[in-house]
Number of protein chains: 2
Amino acid sequence: MIGIFDSGVGGMTVARAVETLLPEYQIIYYGDLARTPYGSKSSEAIIQYSIDNTEFLLGHGARVIIIACNSAASVASDILRQKFDVPIFEVITPAVERAVASSVTGNIGIIGTRATIRSGIYEQKIKQQEPGFRVFSEACPMLVPLVEEGWIDTRETKMILRKYLTPLKQKQIDALVLGCTHYPLLKDSIQHCMGKNRTRLVDSSIEVALTLQKYLDENPVVAETLQHGNVNKYFVSDMTQAAVAIAEKIFGRHIALEKV
Amino acid sequence: MIGIFDSGVGGMTVARAVETLLPEYQIIYYGDLARTPYGSKSSEAIIQYSIDNTEFLLGHGARVIIIACNSAASVASDILRQKFDVPIFEVITPAVERAVASSVTGNIGIIGTRATIRSGIYEQKIKQQEPGFRVFSEACPMLVPLVEEGWIDTRETKMILRKYLTPLKQKQIDALVLGCTHYPLLKDSIQHCMGKNRTRLVDSSIEVALTLQKYLDENPVVAETLQHGNVNKYFVSDMTQAAVAIAEKIFGRHIALEKV
């Protein structure tokens, strides 16, 4: 199975993109709602949680892992790759590739949680590919609670987005990476705030699904280890009504979450 | 020692009130930053975490426990009292007593996290004391992230407060319980929004400290089991810069947090 983990249900944007692009494979999802959010926690804590989550997915039959949480991908990818002997994908590298490929001015913006921005991982990966590019980052810790509150399109959300995005807008960026799996839910408001034809938004959930699709095309041996069928499983470590509501909003249909 | 636990550092408002009123006793504080926040988690998860936290404090010499987290107090107080053989105080009962005593109109407002409001505990306790009183509750899940972001006095915070508080204002409440330990940090903005002479704010951190003071006066045998000295200890299950900053804001001085 394709194993996907996130700190909560935001990573279901990744599950949904994988389901859309690779409907023939079975997905197993793990959302660590009992310890969510990761973005405000220490790197040490996030690494430990990521190891726990990966062990859970492998124990339940995953043969490929996607780290669908930017905070976890920022600080734990290398450690997970050293520790576990399966292909491990994460939401950062594919988003960086898309941003670099689509920027003309060489000015790229990144928004994410405190943990993601603090890690400096996007800047580092962009500079590895294009040393001359300029990267402007902004931690936006209020956006996850806003999405979880269901305030997708409210006046308050627009005002907070303006506060976070104005400094990036002034830097004339032409690509903006949505560096948190919750942010695609705010895509319309973010696009509106940045100007429609001025800035391309990079949605890492779509990019990582495209990367996995390409990988499986090129590695049929790995693809063969994955189970077929559309009985995807969604596990969570805690169950709340808010989480059920966000899952429904992401998929546009009811999703049966199972508490473990 | 006086043991105090909270989901994070917000409960330090309680520790500070205890330190001010009872400077002769030693405090041991435990902030469960590794699993914070509690307010958006299920009751089941919060109960388990509360048991863990109490065991930690008792294991480190606490002889009296204060549940400084409203979400935990709402769902776990009775279970902790059954399970542990020490006096257990919590932030809800003293706040209810103060609110009931100070309301003239009999219209009382409660603000808190989703978990606290969902529990209905304030309404239940107020009605036990004054069956004719009317209780109006509002879950305010954005306020904790706003405080943790340090947005105490921003335009965005005022706007969100207005959104949450307007329905309560329309109910002509004359007492408003700040049902979350983070909220005293927003006291000025909340008071301004509710009207200065119209609504009395009830700060549960002060009320629980007063209740403990009275209890120790009346129970010298328990008071004697508590250690004297001013070497208070502040333990956290995860360490972040944001937490250190909030702790400093609450105490007005540097607080040495120790990670366990």
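Which one of A:TRP151, A:ALA95, A:PRO131 has its Cα pushed farthest toward the positive end of the charge dipole of the range A:32-173, where Lys and Arg give +1 and Asp and Glu give -1 at the Cβ?
Checking the options against the dipole of the range A:32-173, the answer is A:PRO131.
What Kirkwood Rh does the range A:191-260 have if only Cα atoms enter the pairwise 1/r average? Answer in Å.
On the way: mean 1/r = 0.0640 Å⁻¹.
When all Cα pairs of the range A:191-260 are included, the Kirkwood radius is 15.6 Å.
Rolling a 1.4 Å sphere over the protein heavy atoms, what is the accessible area per residue of the range B:65-145, to the nearest Å²? The partial results should precede the final answer.
Values: 3040 Å² over 81 residues.
Each residue of the range B:65-145 exposes 38 Å² on average to a 1.4 Å probe.
Would you mind working out the accessible area per residue for the range B:191-260, using a 1.4 Å probe, and quoting it in Å²? Can you show the working numbers first?
Working: 3960 Å² over 70 residues.
That works out to 57 Å² for each residue.
Explain nothing, just the number: relative contact order of the range A:1-138, from Cα pairs under 8 Å at least 6 residues apart, as a whole percent.
Details: 212 pairs, mean separation 33.1, N = 138.
This gives 24 percent for the range A:1-138.
Any idea which of A:TYR25, A:ILE66, A:SER50 is furthest toward the positive side of the dipole for the range A:18-76, if Lys and Arg beta-carbons carry +1 and Asp and Glu beta-carbons -1?
A:SER50
If you find the alpha carbon centre of the range B:101-148 and of the range B:1-62, how far apart are they in angstrom?
21
Using only Cα atoms, tell me the angle between helix A:155-170 and the longest principal axis of chain A; keep it within 0 to 90° and round to the nearest 10.
Around 70 degrees separate the two axes.
Once neighbouring chains are kept in place and the probe is 1.4 Å, which whole percent of the accessible area of the range B:51-131 is contributed by carbon and sulfur? Mind showing how you got there, number by number?
Values: 1420 of 3100 Å².
Looking at the range B:51-131 in its full context, I get 46 percent from C and S.
Considering protein heavy atoms only and a 1.4 Å probe radius, which residues within the range A:143-178 exhibit an accessible-area decrease of no less than 50 Å² in the full assembly relative to the chain by itself?
Listed by number, the residues meeting the 50 Å² cut-off are A:GLU149, A:TRP151, A:GLU156, A:MET159, A:LYS163.
With a cut-off of 8 Å between alpha carbons and a minimum separation of six or more residues, what is the relative contact order of the range B:124-260 in percent? Please report the intermediate quantities before stating the final value.
On the way: 101 pairs, mean separation 27.0, N = 137.
Relative contact order comes out at 20 percent.
Which value, in debye to the nearest 20, gives the size of the charge dipole of chain B about its Cα centre, when Lys and Arg are +1 and Asp and Glu are -1 at the Cβ? Could you put the intermediate results ahead of the total?
Numbers: 27 positive and 28 negative charges, 202 e Å.
For chain B, the charge dipole is close to 980 debye.
Can you say what percent of the DSSP beta bridges in chain B, counting only those with both residues inside, are antiparallel? Round to 5.
Working: 1 of 35 bridges.
The antiparallel fraction comes to roughly 5 percent.
Convert each backbone phi in the range B:214-223 into a coupling constant with the Karplus relation 6.51 cos²θ - 1.76 cosθ + 1.60 (shift: θ = phi - 60°), then list the ³J(HN,Hα) values in order as whole Hz, x for Gly and Pro.
Residue by residue, the range B:214-223 yields 4, 4, 5, 4, 7, 10, x, 5, 5, 4 Hz.
Would you mind checking the pairs B:LYS41/B:LYS259; B:LYS171/B:LYS196; B:LYS169/B:LYS214; A:LYS41/A:LYS259 and listing those with alpha carbons more than 26 angstrom apart? List each step's numbers first, then the result.
On the way: B:LYS41/B:LYS259 23 Å; B:LYS171/B:LYS196 16 Å; B:LYS169/B:LYS214 33 Å; A:LYS41/A:LYS259 23 Å.
Flagged as over cut-off: B:LYS169/B:LYS214.
In Å, what is the Rg of the alpha-carbon atoms in the range B:1-146, and how long is Dmax?
15.2, 46
Under 12 Å between alpha carbons, and skipping anything fewer than 8 positions from B:LYS158 in its own chain: which aspartates and glutamates qualify?
Candidates past the 8-residue exclusion: A:GLU156, B:ASP188.
On a C-alpha basis, how far is the centre of the range B:195-212 from the centre of the range A:175-220 in Å? Whole number, if you could?
Centre-to-centre (Cα) distance: 47 Å.
As I understand it, the value is the acute angle between the Cα axis of helix B:70-83 and the longest principal axis of the Cα atoms of chain B; what does it come to in degrees, rounded to 10?
Long axis of B:70-83 versus the principal axis of chain B: about 40 degrees.
As an exercise, find the ratio Rg/Rh for chain B from alpha-carbon atoms, using the Kirkwood inverse-distance average for Rh.
Numbers: Rg = 17.3 Å, Rh = 18.3 Å.
When Rh is taken as the Kirkwood radius, the ratio is 0.95.
Sequence-distant or interchain residues sharing an amide H contact under 5 Å with B:LEU176, placed H: which?
So B:LEU176 has HN proximity to B:GLY109, B:ARG200, B:LEU201, B:VAL202.
State whether the range B:99-249 is rounded, prolate or oblate according to the following rule on the C-alpha gyration tensor (a ≥ b ≥ c being the square roots of its eigenvalues): a/c under 1.5 gives rounded; otherwise a/b larger than b/c gives prolate, and the remaining case gives oblate.
Working: a/c = 2.11, a/b = 1.16, b/c = 1.82.
Judged from the Cα gyration tensor, the range B:99-249 comes out oblate (a/c at least 1.5, b/c at or above a/b).
Once R0 is set to 30 Å, what does the formula 1/(1 + (r/R0)^6) return for the Cβ-Cβ distance between A:ASP217 and A:GLU248, expressed as a FRET efficiency to the nearest 0.05?
Numbers: r = 32 Å, r/R0 = 1.05.
The pair A:ASP217/A:GLU248 has a calculated efficiency of 0.45.
Need one number: buried accessible surface between chains B and A, 1.4 Å probe, both sides summed, DNA, RNA and ligands left out, in Å² to 100.
2500
Tell me the carbon and sulfur percent of the accessible area for the range A:171-253, rounded to whole percent, probe radius 1.4 Å. The partial results should precede the final answer.
Working: 1970 of 3990 Å².
For the range A:171-253, the apolar C and S fraction of the accessible surface comes to 49 percent.
Hey, rough spin-label estimate for A:ILE79 and B:THR105, points 7 angstrom out along Cα→Cβ, what's it come to in nanometres?
In this crude spin-label approximation the distance works out to 5.3 nm.
Take each of the peptides B:124-136, B:2-14, average the number of other beta-carbon atoms within 10 Å over its residues, and list them starting from the highest. Before the final figure, lay out each step's value.
Values: B:124-136: 14.9, B:2-14: 28.7.
Highest-to-lowest ranking by the protection proxy: B:2-14, B:124-136.
At what distance in nm do the modelled label points of A:GLN172 and B:GLN170 sit from each other, each positioned 7 Å from its Cα along Cα→Cβ?
4.8
What average count of beta carbons from other chains do you get within 10 Å of the Cβ of residues in A:198-208?
Values: counts 0, 0, 0, 0, 0, 0, 0, 0, 0, 0, 0.
Average neighbour count from other chains, rounded to a whole number: 0.
Can you give the log10 of the normalised intensity I(q)/I(0) at q = 0.11, 0.12 Å⁻¹, computed with Debye over equal Cα scatterers of the protein assembly as shown?
For the protein assembly as shown, the Cα-only Debye profile gives -0.96, -1.10.
Based on DSSP H runs of at least 4 residues, each adding -39500 (n - 2.57), what is the mean residue ellipticity at 222 nm of chain B after dividing by all its residues, to the nearest 500 deg cm²/dmol? Numbers along the way, then the final one.
Numbers: 12 runs with 129 residues, N = 260.
Roughly -15000 deg cm²/dmol at 222 nm, from the helical runs in chain B.
Mind ranking A:91-98, A:248-255 by how tightly packed they are, going by the mean number of other C-beta atoms within 10 angstrom, highest first? It would help to have the intermediate numbers written out before the result.
Details: A:91-98: 24.0, A:248-255: 13.5.
Put in order of decreasing packing, that is A:91-98, A:248-255.
Could you grab the relative contact order for chain B? Cα pairs under 8 Å, six or more apart, rounded to a whole percent. If you can, show how the numbers build up before the last one.
Values: 493 pairs, mean separation 72.5, N = 260.
With pairs under 8 Å counted, the relative contact order is 28 percent.
Under unit Cβ charges (Lys, Arg +1; Asp, Glu -1), what dipole magnitude, rounded to 20 debye, does the range A:111-220 have relative to its Cα centre? Numbers along the way, then the final one.
Details: 16 positive and 13 negative charges, 117 e Å.
With Lys and Arg at +1 and Asp and Glu at -1, about 560 debye.
For the range A:34-45, just list the computed ³J(HN,Hα) in residue order, Karplus coefficients 6.51, -1.76 and 1.60, θ = phi - 60°, integers in Hz, with x standing in for Gly and Pro.
Ordered by residue, 3J(HN,Hα) equals 5, 10, 5, x, 8, x, 9, 9, 6, 4, 4, 5 Hz.
Could you work out what % of the accessible surface of the range B:2-42 is carbon and sulfur, using a 1.4 angstrom probe and leaving DNA, RNA and ligands out of the count? Provide the component values of the computation, followed by the final result.
Numbers: 430 of 800 Å².
In the range B:2-42, the share of accessible area belonging to carbon and sulfur is 54 percent.
If I fit a long axis through the Cα atoms of helix B:92-102 and take the longest principal axis of the Cα atoms of chain B, what angle between them do I get, 0 to 90°, rounded to 10?
Orientation of helix B:92-102: about 40 degrees from the principal axis.
Could you sort B:78-90, A:16-28 so that the peptide with the highest average Cβ count within 10 Å comes first and the rest follow in order?
Details: B:78-90: 15.8, A:16-28: 18.3.
My ranking of the peptides, most packed first, is A:16-28, B:78-90.
The values are calculated or read from the model by the stated rules, or taken from the named source; none is laboratory data. Computed from a prediction, not measured in an experiment: that's the story for all the values here. Reconstructed Cβ throughout: ideal geometry from the backbone, glycine too, with neighbour counts over all protein chains shown. Surface areas here come from the heavy atoms of the whole protein model, side chains and all, with no ligands, DNA or RNA. Shrake-Rupley method; radii C 1.70, N 1.55, O 1.52, S 1.80 Å.
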